[in-house]
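For reference, the structure discussed in these notes is given below.
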Amino acid sequence: DATTPVRRVCYIAQLVLSGDAEVDLARHQLLRGIEQLSQVLSDADSRMHLAEATEAVIAADFYRALKRLRALLPREERLLAAAAARPS
């Protein structure tokens with residue numbers, strides 16, 4: 001289920017790991033996705049995970065990239081929950 005920004009980027013990494021995505025295209029999509037996430041997840045801890053995920057993608061270590069990106073899922077859930085709770 002790739003319904004949130006972090007989940008979408010994780011899904012791309014999973015496709016590479018399963019052999020269902022072309023590595024060069026997936027690398028480009030992952031780096032673009034990580035860049036977009038870095039504009040929203042700007043706290044120091046998130047930035048550390050995103051920087052490590054970027055390094056892993058560049059090194060073609062997609063499992064490590066996926067692990068770093070998955071660490072952002074709880075934070076993303078909290079942000080989305082907080083946004084949904086705000087009156088419009």
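The values are calculated or read from the model by the stated rules, or taken from the named source; none is laboratory data. From a predicted model like this one, the values you see are computed outputs, not experimental measurements. Glycine gets a Cβ as well: all are built from the backbone with ideal geometry, and neighbour counts include every protein chain shown. SASA here: full protein model, heavy atoms, side chains in, ligands and nucleic acids out. Shrake-Rupley method; radii C 1.70, N 1.55, O 1.52, S 1.80 Å.
Kindly indicate whether any position in region 24-33 is among the acidic types (Asp, Glu), modelled with pLDDT of 95 or more and in contact with a helix residue (DSSP H, G or I) (Cβ under 9 Å, 6 or more places away or on another chain).
Within region 24-33, none of the residues are among the acidic types (Asp, Glu), modelled with pLDDT of 95 or more and in contact with a helix residue (DSSP H, G or I) (Cβ under 9 Å, 6 or more places away or on another chain).
Name the residues in region 1-26 that are open to solvent by 60 Å² or more (accessible area, probe 1.4 Å), closer than 13 Å to PHE62 by Cβ and within 14 Å of the chain's Cα centre (by Cα), would you?
TYR11, GLN14
Within region 27-51, restricting attention to residues that are assigned to a helix (DSSP H, G or I) and in contact with a Leu (Cβ under 8 Å, 6 or more places away or on another chain), which residue is nearest to ARG75 (Cα to Cα)?
That would be SER46.
Identify, by number, the condition in (1) surrounded by 19 or more Cβ atoms within 10 Å (Cβ to Cβ); (2) outside any helix (DSSP H, G or I) that PRO87 doesn't meet.
Going through the list (1) surrounded by 19 or more Cβ atoms within 10 Å (Cβ to Cβ); (2) outside any helix (DSSP H, G or I), PRO87 breaks only (1).
So which residues in region 59-84 are assigned to a helix (DSSP H, G or I), within 14 Å of the chain's Cα centre (by Cα) and hydrophobic (A, V, I, L, M, F, W, C)?
Residues satisfying the conditions are PHE62, ALA65, LEU66, LEU69, LEU73.
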